[in-house]
Amino acid sequence: MPKEENKDSLDVCRIFKKSSLNGKVTVFLGKRDFLDYLTHVDPIDGVVLVDPECVKDQKKVFVQVLGAFRYGREDLDIIGLSFRKDLFIATIQVYPPVVEQQKPLTPLQERLLSILGPNAYPFFFEIPPNTPSSVTLQQTPGEDGKPCGVDYQLKTHLAESLDDKPERLTTVRMAIRKLTYAPSDVRAPPPKAELNKNGIKLEASLLKEKYYHGESVDVHITIDNTSNKTIKKIKLSVVQKTMVTLHVLCEEEQELKIPDQNFQEGFPIRAGQTGFCRMYHLTPLIENNRDKRGLALDGKLKHEDTNLACSTKMSENLQKENSGIIVAYKVVIKLVLGFGSSDVVLELPFTLTHPIPDHPSRTSSFRSSVADDTLIPSEDMMEDDLVFQEFNRAPIAEPENFKDTVPQENSDE
């Protein structure tokens with residue numbers, strides 16, 4: 001697609017479109033990331049376009065939202081061992097429409113129905129806030145199979161009843177994400193801690209409790225050494241702690257790689273030296289930690305990058321054992337005294353999350369990588385400020401190298 005034909009992602013509403021293998025059922029969705037504000041979750045609204053020929057034999061069209069936790073190898077399912085636990089499921093019948101299930105049309109649905117015609121049917125879901133957010137545990141490069149974690153899927157299929165086996169050729173699966181965002185009304189005090197051990201006084205504090213992805217975590221440290229020992233150096237790190245609460249309770253801590261910095265200015269601190277004061281800046285990024293297996297990520301969609309997982313915020317109604325994976329972060333400060341002396345260690349927990357944008361758009365995933373993506377409109381669909389894009393992405397390339405068509409595969413992602 002020529003570069004001059006690209007539209008600014010802030011000026012258009014990108015509609016994701018995916019068709020079944022036989023092309024008889026097509027699902028239109030306004031976005032793939034749905035935000036959990038702890039008090040409520042963004043609704044899932046879209047439209048299903050159905051070929052009348054495929055529903056004339058008493059067939060019905062169902063749309064489901066499935067949330068599940070995968071904690072084992074996918075290939076073991078075929079021998080009767082299930083390593084997937086359902087956490088949330090909601091189903092509606094869009095054709096024939098059920099009066100009790102119908103909701104007022106959203107502006108997006110009104111636009112789509114006016115474009116798609118009488119064979120299009122709306123669907124609307126509200127996910128309760130007491131459900132876990134999407135989290136993926138990072139795999140090693142070249143590792144096959146779906147990763148462990150919590151994932152969500154929008155599934156549309158035809159059947160004579162909900163209990164019947166779905167028809168594969170008319171089934172559409174779309175991977176979506178439920179992400180936790182920072183509530184705007186939360187005001188937590190800045191973390192602060194103090195430790196006095198054998199004549200060594202260590203004080204540490206953060207400028208605030210909540211930090212956003214890509215933001216530098218500022219650590220203020222003061223040290224008074226009234227002991228007879230020498231503090232040789234200081235080590236600072238950001239640690240991600242994950243707790244898997246389903247299947248087998250498992251806790252793991254991973255130290256995140258931080259770009260090299262000169263932490264040793266002012267060291268060693270000799271016996272009797274007081275008044276050491278420094279501000280350090282630590283920036284935890286996924287870019288520096290792609291080789292860490294088991295690192296918790298913010299959910300992952302096929303062909304797209306992601307972030308480190310957001311800190312888990314537990315609502316009153318979300319039970320710990322049903323949260324799937326709990327993620328937390330802390331800054332660890334360690335004073336190294338050398339041989340024969342134990343190190344002095346202090347920890348400061350903090351929250352890592354996304355900001356709530358001042359002017360959120362329907363298609364924004366609040367990651368620059370998506371905002372910079374080239375829009376790939378379908379050959380036959382473009383309507384004023386709506387751009388219909390195939391759900392499966394074309395191979396990554398320069399904008400001028402994109403072809404007019406995109407793959408028509410119908411994978412789970």
Taking the range 264-286 and keeping residues in a strand (DSSP E or B) and open to solvent by 80 Å² or more (accessible area, probe 1.4 Å) leaves HIS281
Given the criteria touching a residue at least 40 places away in the same chain (Cβ under 8 Å) and part of a helix (DSSP H, G or I), does ILE127 qualify? no
Is the range 59-82 home to any residue that is at pLDDT 90 or above and charged (D, E, K, R)? yes
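Residue-wise test of (1) closer than 19 Å to VAL65 by Cα; (2) within 14 Å of the chain's Cα centre (by Cα); (3) of a type in the set (S, T, N, Q).
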{"position": "VAL99", "(1), (2), (3)": "no, no, no"}
{"position": "PRO128", "(1), (2), (3)": "yes, no, no"}
{"position": "PRO141", "(1), (2), (3)": "no, no, no"}
{"position": "TYR152", "(1), (2), (3)": "yes, yes, no"}
{"position": "LYS155", "(1), (2), (3)": "yes, no, no"}
{"position": "ALA175", "(1), (2), (3)": "yes, yes, no"}
{"position": "TYR181", "(1), (2), (3)": "no, yes, no"}
From the option list GLN153, GLN138, single residue qualifying as in contact with a Pro (Cβ under 8 Å, 6 or more places away or on another chain) and of a type outside the set (Ser, Thr, Tyr) is GLN138
Please specify each residue of the range 140-169 satisfying the condition of being among the acidic types (Asp, Glu) and surrounded by fewer than 17 Cβ atoms within 10 Å (Cβ to Cβ). GLU143, ASP144, GLU160, ASP163, ASP164
Identify the residue in the range 195-226 that is assigned to a loop (DSSP other than H, G, I, E, B) and more than 24 Å from the chain's Cα centre (by Cα) and, among all such residues, is farthest from TYR329 (Cα to Cα). THR226
LEU105 - would you say it is in contact with a Leu (Cβ under 9 Å, 6 or more places away or on another chain), farther than 22 Å from LEU21 by Cβ and open to solvent by 60 Å² or more (accessible area, probe 1.4 Å)? yes
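Considering the range 30-59 alone, what residues qualify as being more than 21 Å from the chain's Cα centre (by Cα) and either part of a strand (DSSP E or B) or within 16 Å of ASP298 (Cβ to Cβ) (or both)?
Result: VAL47, VAL48, LEU49, VAL50.
The values are calculated or read from the model by the stated rules, or taken from the named source; none is laboratory data. From a predicted model like this one, the values you see are computed outputs, not experimental measurements. Don't worry about glycine lacking a Cβ; one is built from the backbone with ideal geometry, like all the others, and counts go over all protein chains shown. Side chains are part of the model used for accessible areas, which takes the heavy atoms of the whole protein and leaves out ligands, DNA and RNA. Shrake-Rupley method; radii C 1.70, N 1.55, O 1.52, S 1.80 Å.
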